[in-house]
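Okay, so here's the structure we're looking at.
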Amino acid sequence: MLAVLGWQVNEKMGEISGGPTVVELSGYIAIQASGGAIADLEISRISAEPGYTVEPWLCLPAVSTSRSEMTCVSTISTLLLVLIGLAAIAPSAEARQFKTPEYYKAGLLNYAVISGDFTHDGKLDLITGDYDNWKLYVYLGKGDGTFQKPLISNITAPGALAVGDFNGDGIPDFAAIEGQTTLGIYLSNGDGTFRNSANYDLGGGVPAWLTVADFDGDGHPDIAVTNFDNYGQDGSVMVFFGKGNGQLGKPAIYKLPGYPCGIAASDLNGDHHPDLVVTEVHGSEVAILTNDGRGRFRLTATYSTPSDEPVRVAVASLKNGGNADLIVTCRAGVAVFPGNGDGTFGTPTLYSTNENGNPGADSVVADFRGNGNLDVATVLFDGNVEELFYGNGDGTLQNPVRIKLRKGEGGTSTLLTADFNKDGFPDLAIASADLVVLLNAK
């Protein structure tokens, strides 16, 4: 006797909440039984039309060499495709959250990827920058989740990038950390090209990352930049205030130890003013800088991370209807700090990526399944693995589902989430050795 796992599609009466379930499987398997082998059994796509659900099915009769005997059909519109023996488990629906990745040629070392409608045509575009070869790559979106060949232009050693409408014309622009010295502002010409409107010195430290928000409430986007250190001195956060004309004012500087790295802006205490959360990569801590409503900040708390090297941070409410939580990408995985709603946070939980020697690089948060629960997508440092932590809606995450990508070149990886094909479900873009786009399969 051999137990065989498969799927059955059961007819159900009444309305199915959330619509049909789709399971995609492809490939060939062979099952060895006492009577011989069943070779090259093709696995095809199984999908449940509206009014049906896909469920696990267990078949226990003896397995023969007859391929026809491997198929069972019930009297209630049940379709069974036998997949494998107990030696392995078939892929789950979650493992097919995204369609086959699309790869777009980019530069040698792409530190960041950003998205916006830079041509004002209603279609999202993508931008990466090649730090090594001093090039900017602009991929104009077609609106269906695919992108044109990149427009390539010169830019000085682009590192971190961030989007904002810095001149108030309704078309998104971007800011770039260039080399280890400069913050550059690039205004959109509306056709996928950009012009440099201003450059600002970053104080001689080692700039790491940046974020954009209206910190002083004047309606103009401002920019906060982290600096690792200043020649052995403490690092810092520099806050530049936008003037609304593509120019920035003199920055306010806030000293921080521990090599400030990742940074995010969000209202952490419910006063409707964006605060700052900063990862200290060598101190293994996250720092909370609270906004007084006029763009002035004070350090109000510092929290140790359960893993070393916290490099990026995102802010979102993983508990439905709950407070803002911190999602911190660390060497060993993703640390979730539950928010108390007043700018303070509880004891973190670490969700491991189970990738020894390949630390986490960046994470984004979105409802990838469309079930109302926020999920976390994390890309690892070498760019060849992306892991998806599904949310339970109560502030906790499930074990990760791994998505293998074409092997990266190492160095770093970042990602973003947006709906590139306008189907209502969030997609992913990853900057590594290539620009990788993963469209949601929902």
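The values are calculated or read from the model by the stated rules, or taken from the named source; none is laboratory data. The model shown is predicted, which means the values in this text are computed figures rather than measured ones. When we count neighbours, we look across all protein chains shown, and the Cβ atoms used for this are built from the backbone with ideal geometry, even at glycine. Note: areas computed on protein heavy atoms with side chains; ligands, DNA, RNA excluded. Shrake-Rupley method; radii C 1.70, N 1.55, O 1.52, S 1.80 Å.
In the range 367-393, how many residues are farther than 15 Å from residue 432 by Cβ and either among the acidic types (Asp, Glu) or open to solvent by less than 10 Å² (accessible area, probe 1.4 Å) (or both)?
Result for the range 367-393: 8.
Only one of these is in contact with a Ser or Thr (Cβ under 6 Å, 6 or more places away or on another chain), in a strand (DSSP E or B), more than 22 Å from residue 430 (Cβ to Cβ) and modelled with pLDDT of 95 or more: 171, 185. Name it.
Of 171, 185, the one residue that is in contact with a Ser or Thr (Cβ under 6 Å, 6 or more places away or on another chain), in a strand (DSSP E or B), more than 22 Å from residue 430 (Cβ to Cβ) and modelled with pLDDT of 95 or more is 185.
Residue-wise test of (1) farther than 19 Å from residue 252 by Cα; (2) open to solvent by 10 Å² or more (accessible area, probe 1.4 Å); (3) in a strand (DSSP E or B).
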residue: 278; (1), (2), (3): no, no, yes
residue: 288; (1), (2), (3): no, no, yes
residue: 294; (1), (2), (3): no, yes, no
residue: 299; (1), (2), (3): no, yes, yes
residue: 303; (1), (2), (3): yes, yes, yes
residue: 310; (1), (2), (3): yes, no, no
residue: 313; (1), (2), (3): yes, yes, yes
residue: 321; (1), (2), (3): yes, yes, no
residue: 326; (1), (2), (3): yes, no, yes
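Can we say residue 335 is surrounded by 21 or more Cβ atoms within 10 Å (Cβ to Cβ), modelled with pLDDT of 95 or more, small (Gly, Ala, Ser) and not in a loop (DSSP other than H, G, I, E, B)? Before you say what the answer is, go through the steps one by one.
Working: surrounded by 21 or more Cβ atoms within 10 Å (Cβ to Cβ): yes; modelled with pLDDT of 95 or more: yes; small (Gly, Ala, Ser): yes; not in a loop (DSSP other than H, G, I, E, B): yes.
So residue 335 passes the test.
Which residues, counting only those in the range 188-209, are outside any loop (DSSP other than H, G, I, E, B) and either touching a His at 6+ places or on another chain (Cβ under 9 Å) or surrounded by fewer than 22 Cβ atoms within 10 Å (Cβ to Cβ) (or both)?
188, 195, 196, 197, 198, 199, 200, 201
What are the pairs, 6+ residues apart or on separate chains, where a residue within the range 144-164 that is farther than 10 Å from residue 175 by Cβ has its Cβ under 8 Å from a residue that is open to solvent by 70 Å² or more (accessible area, probe 1.4 Å) and among the hydrophobic types (A, V, I, L, M, F, W, C)?
154/134; 155/134; 156/134; 157/134; 158/134
Among the residues of the range 108-131, which ones are over 16 Å from the mean Cα position of the chain (by Cα), open to solvent by 10 Å² or more (accessible area, probe 1.4 Å) and either more than 15 Å from residue 160 (Cβ to Cβ) or modelled with pLDDT of 95 or more (or both)?
108, 117, 119, 120, 121, 122, 123, 124
To keep it simple, each residue is scored yes or no on (1) among the aliphatic types (A, V, I, L, M); (2) open to solvent by less than 30 Å² (accessible area, probe 1.4 Å); (3) at pLDDT 95 or above.
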position: 212; (1), (2), (3): yes, no, yes
position: 219; (1), (2), (3): no, no, yes
position: 244; (1), (2), (3): no, yes, yes
position: 263; (1), (2), (3): yes, yes, yes
position: 266; (1), (2), (3): no, no, yes
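Those residues that are open to solvent by 30 Å² or more (accessible area, probe 1.4 Å) and either farther than 15 Å from residue 120 by Cα or among the polar types (S, T, N, Q) (or both), I need them from the range 150-185; list them, please.
150, 151, 152, 153, 154, 156, 167, 180, 181, 182
Mind counting the residues in the range 239-264 that are assigned to a strand (DSSP E or B) and more than 16 Å from residue 218 (Cα to Cα)?
Restricting attention to the range 239-264, the residues satisfying the condition of being assigned to a strand (DSSP E or B) are 239-240, 242, 248, 252-256, 260-264.
Keeping just the survivors that are more than 16 Å from residue 218 (Cα to Cα) gives 252-256, 260-264.
Here the count works out to 10.
Yes/no matrix, rows are residues, columns are (1) in contact with a strand residue (DSSP E or B) (Cβ under 9 Å, 6 or more places away or on another chain); (2) of a type outside the set (A, V, I, L, M, F, W, C); (3) on the phi < 0 side of the Ramachandran plot:
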position: 179; (1), (2), (3): yes, yes, no
position: 196; (1), (2), (3): yes, yes, yes
position: 199; (1), (2), (3): yes, yes, yes
position: 218; (1), (2), (3): yes, yes, yes
position: 224; (1), (2), (3): yes, no, yes
position: 245; (1), (2), (3): yes, yes, yes
position: 267; (1), (2), (3): yes, yes, yes
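Checking residue 105 against (1) more than 25 Å from the chain's Cα centre (by Cα); (2) at pLDDT below 95; (3) open to solvent by 70 Å² or more (accessible area, probe 1.4 Å): exactly one of these is not met. Which one?
(1)
If you take the residues of the range 351-367 that are closer than 16 Å to residue 396 by Cβ and at pLDDT 95 or above, which of them is farthest from the chain's Cα centre (by Cα)?
Quick first cut of the range 351-367, residues closer than 16 Å to residue 396 by Cβ only: 351-352, 363, 365, 367.
Remaining after also requiring at pLDDT 95 or above: 351, 363, 365, 367.
Details: 351: 16, 363: 5, 365: 6, 367: 11 Å.
So, considering only residues that are closer than 16 Å to residue 396 by Cβ and at pLDDT 95 or above, the one farthest from the chain's Cα centre (by Cα) is 351.
Within the bounds of the range 134-144, is there any residue that is of a type in the set (Gly, Ala, Ser) and out of contact with any Asp or Glu (no Cβ under 9 Å at 6 or more places or on another chain)? Steps first, answer last, please.
In the first step, residues of the range 134-144 are kept if they are of a type in the set (Gly, Ala, Ser); the result is 141, 143.
Next, from what is left, pick out any that are out of contact with any Asp or Glu (no Cβ under 9 Å at 6 or more places or on another chain): none.
The answer is no; no qualifying residue exists.
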